[in-house]
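Before any comments, here is the structure.
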Amino acid sequence: MTKNLRISLTILTVGFGIEGISELYSLLLPGAVHPGITFLFLFPIAVTVAGLAFLWVGQHEWNALHRERVRRAHLIFVVSLLGAVVAGVLFAVLWRYPSLGVPLWSRGLFGAAVGSLVLGTFVTYVLLVFHLVARPSQAILLASIGWALIVSALVGAAMAANLPTLLALATHRTLSVPSFVAPVDVLASYLFLSYFLLLAAYVDAHRTILRAHAGRAALDASPQTGGPGSPGFGPG
């Protein structure tokens, strides 16, 4: 009954490990290779889409609580992706109509859109398993969001400040890597802590599901019950 859920959690857990190691590598070796800025926007999105896909396929397996959590997680993830759309549309408009300049509000909106894209994925991750783990792991999940919020705000502010530079590069069709990429990449690399915190909480979620599955199997095998167990999960 929990096959799709376990597959989804496994995909996301492996993704946290890979992304955490990548960001830590980028932080410890600045200037050598900068995988963080690429993985930051591409890898987590791809992993999240894969994980949510299995949750959507297996939605019939769960009780009303988990089904509602999955629905909200999908919604939050879609909203976070709108951040990329808003940032892209705003950039295109400012680039197409240079007479508009780069007003202060456009910088703020651009930075907020980028930051929301980063933060939204972490909120999605936390919402998916928050009810599946005990309070210590719930505290870990909240810590991961808190740290991601700080880093996302810093990344968004850095991108907002450098919006004029990005527009100038696009206008002149310059393919060189701008100087501000490395500092932003370093900021984003601090997300390694949030990824490792999520990794710990998701491992606990795996254990919770395995214990629930084992207990349900024991009940099914008991002559006193004999019937299928409830598909609910969580520490209580």
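Here are a few things to note about the model shown:
- Calculated FRET value between residue 104 and residue 173, using beta carbons and R₀ = 45 Å, to 0.05: 0.95
- Taking each residue as 0.36 nm, the span from residue 182 to residue 134 lengthens on full extension beyond its C-alpha to C-alpha distance by 13.4 nm.
- Chain lengthening between residue 207 and residue 150 when straightened (0.36 nm per residue, less Cα-Cα): 17.5 nm
Here, each number is a calculation from the coordinates, and none is a lab measurement. Since the structure is predicted, the reported quantities are computational estimates derived from the model, not experimental observations. Please note: Cβ atoms are built from the backbone with ideal geometry, for glycine as well, and neighbour counts cover all protein chains shown.
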